[in-house]
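Values in this text are rule-based calculations from the coordinates and carry no lab data. All of these numbers come straight from a predicted model, not from anything done at the bench. Cβ: placed from backbone, ideal geometry, glycine included. Neighbour counts: every protein chain shown.
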Amino acid sequence: MSEAIYIGIDGGATTSKIAAVRDNGTIVSMDLQQQPTGSEGGPEGVIAGWMDGTARFLERNGLTWEQVAGIGVSVPGPYLAYGVMGDSPNLPDTFTGWHVLDDLGEAAEKRCGRKLPMVMGNDGNFAGVAEAARVRASGGGSVVLLAPGSGLGGAYVDAKGLPLEGATISGMEVGHMPAPLQMLGAKPYRCGCGRDWGCFEMYTSLAGLPYLFEDALDRYPDHPLAKKEGTPKERILPLRGLAQEGDELALELFDFQARAMGFLIGTLAMAVDPDVFVVGGGLIDPEATSPEFRERYLGIMREVARDYVWPVQKERLKVVEAALGELSQAIGAALVVLYQEQEK
Ligand SMILES: [Zn+2]
């Protein structure tokens, strides 16, 4: 019989990506395959899109439905229960209460002619699983993934490769823990989640960057972006590029975010004491930032965190760049269904 493979579907609010791993955990292809999620077509449309996308992925890689031994799917939280979507801020109301795994299982059975093992989880946890598998392959153990993007995703993955999910699949929502504002000299910005205690997400990701930028303009009244028109998000868009050119204001903001990340790393070292911290997100994207910039960003995190961890942790504190980019969630979803089958 030909080799078994496990499909991973990363179902984002706007785009979905597909990847797969083999029985031994190796990745079938690192070519990015993505497509619109098509949420305007409702849950049915999304499932049909995922199935067509999977068929395309199989064909492109010379594989068949017969080889598919399981499917993992990553969808944005919150969830009502395992496999059931809650009220997601980025999706139409028709998705609330949607039983993703039932519908996906049924659709996959039609293609394969048999029932397939399925898992569902959140994108941050699955990204952590994939990055942790890579770290473990080079001798690592437990991993914390921190991914500042539009918000701040986080995951803790144990030495066996599985994510901490918690009693309500809300574990490791580190972006919404409070940052030490007095250490950062920062104001308590209200977070999109509604909390007003100064969520880390506001000081480390795009979510809070417009506020930091507005406050910083007081110190840089002649900055070229001071007169730029547009929404707060549009105005901050050039900052990452400007930082690569050495722009002082931009560097100051990202240095600040790096310090906030350092405090978060120090805090998490107290809570879960992982072997390695992996940092993902737009500021370590090799296509958008220089090696010097990335080293500066991670260097500040290490420096800040080192002052707050135990001596024994200080010596072995590892903060490294994520490497799987946009495919990490899909690869992680595939790995979790593979691990689940291996346990049986
Ligand atoms: Zn929050």
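Here are a few things to note about the model shown:
- Acute angle (nearest 10 degrees) that the helix 291-306 long axis makes with the longest principal axis of the chain, alpha-carbon atoms: 80
- Per-pair calculated FRET efficiency, R0 = 35 Å: Cys112 and Ser138 via Cβ, rounded to 0.05: 0.50
- Given charges at beta-carbon only (K, R positive; D, E negative), |dipole| of the chain in Debye: 500
- DSSP beta bridges confined to the chain are antiparallel in about 60 percent of cases.
- Axis angle, to the nearest 10 degrees, between helix 100-112 and the longest C-alpha principal axis of the chain: 40 degrees.
- Between helix 123-137 and the chain: long-axis angle, C-alpha atoms, 0 to 90°, nearest 10: 90
- Förster-model FRET efficiency, 25 Å R0, Glu40 and Ser150, C-beta, rounded to 0.05: 0.75
- Distance between the 7 Å Cα→Cβ label points at Asp222 and Lys318: 4.8 nm.
- Given R0 = 35 Å, the distance between the Cβ atoms of Asp93 and Asp273 translates into a calculated FRET efficiency of 0.25.
- Helical contribution to [θ] at 222 nm, DSSP H n ≥ 4, -39,500 (n - 2.57), averaged over the chain, rounded to 500: -12500 deg cm²/dmol
- Theoretical gain in end-to-end length, Glu248 to Thr231 [0.36 nm per residue, Cα-Cα removed]: 3.9 nm
- Comparing mean-square fluctuations of Gly11, Gly241, Gly325 from a GNM of the chain with C-alpha springs under 10 Å, the top value falls on Gly241.
- Annotation: for a label point projected 7 angstrom from Cα along Cα→Cβ of Asp158, residues of region 272-289 with backbone N closer than 17 Å are 272-276.
- Overall Cα dimensions of the chain - principal axes, largest extent first, Å: 65, 48, 36
- Mean separation of Cα contacts under 8 Å, 6 or more apart, over the residue count of the chain: relative contact order %: 21
- Three semi-axes of the equivalent ellipsoid, region 138-324, Cα gyration tensor, whole Å, largest first: 28, 18, 15
- Within a Gaussian network of the chain (alpha carbon springs, distance under 10 Å), most fluctuating of Ala55, Ala20, Ala258: Ala55
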